[in-house]
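Just so it is clear, none of the values below were taken in a lab; they were calculated from the coordinates. Everything numeric here is computed off the predicted structure, so don't read it as measured data. Cβ: placed from backbone, ideal geometry, glycine included. Neighbour counts: every protein chain shown.
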Amino acid sequence: MAITVPNSSSTYTFSGDVNVGGDLGVTGELSKFKVKITAKTGNYNVTAAETGTIFIANGSGALSFTLPAAADGLFYLFVNKADQNMTITYGTTDKIITFNDAAADSVAYSTSSEKIGACALAFSDGTNWYVINLSTNTATVST
């Protein structure tokens, strides 16, 4: 990858990963962008560093994902692959905003015959978490 430094005639070429501290502006398009997909078989504490990850619940029993501290721009996708309860929760009470509830503690997919294929997007505005049901599966909200 070649990078040209603004207001400079210098161009730098890198091979391998490039880590950027701070904001990165891109003119043109990024190629070879892949989303990270991670399967979990047991309860899991999601980290901020995993933002953008698709988590697949693939266990044999109830599985809970605990969201990290709210920070602007964090987002995750959760998909239930197995016939198990899948819960998305947050350590601070009343900070999840979801269907018909502005102060939820968790969102669970636990309705019999409506677990496989359950899918939810979770994103943060820095204060709260928003958990949006992207499937037709029934979500149970706990407050």
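What to note about this one:
- Couplings 3J(HN,Hα) of region 43-57, computed from phi: 3, 8, 8, 6, 10, 4, 5, 8, 3, x, 7, 9, 9, 10, 7 Hz, in residue order, whole Hz [Karplus 6.51 cos²θ - 1.76 cosθ + 1.60, θ = phi - 60°; x for Gly and Pro].
- FRET efficiency, 1/(1 + (r/R0)^6) with R0 41 Å, evaluated for S112 and T11 via beta carbons: 0.10
- Taking label points 7 Å from Cα along the Cα-to-Cβ direction, T136 and A62 give a separation of 2.8 nm.
- Region 113-137 and region 32-86 have their alpha-carbon centroids 11 Å apart.
- Under 5 Å from the amide H of S106 lie the amide H atoms of S142, each residue being 5 or more positions distant or on a separate chain, with H modelled from the backbone and absent for Pro and chain starts.
- Local electrostatic count at L74 - Lys and Arg +1, Asp and Glu -1, tallied over other residues with Cβ under 15 Å: -1
- Cα shape, region 80-136, gyration tensor, a/c 1.5 rule: prolate
- Order of Y12, Y109, Y76 under a 10 Å beta carbon neighbour criterion, fewest first: Y12, Y76, Y109
- Which of Q84, G21, A120, positive extreme of dipole for the chain (C-beta unit charges): Q84
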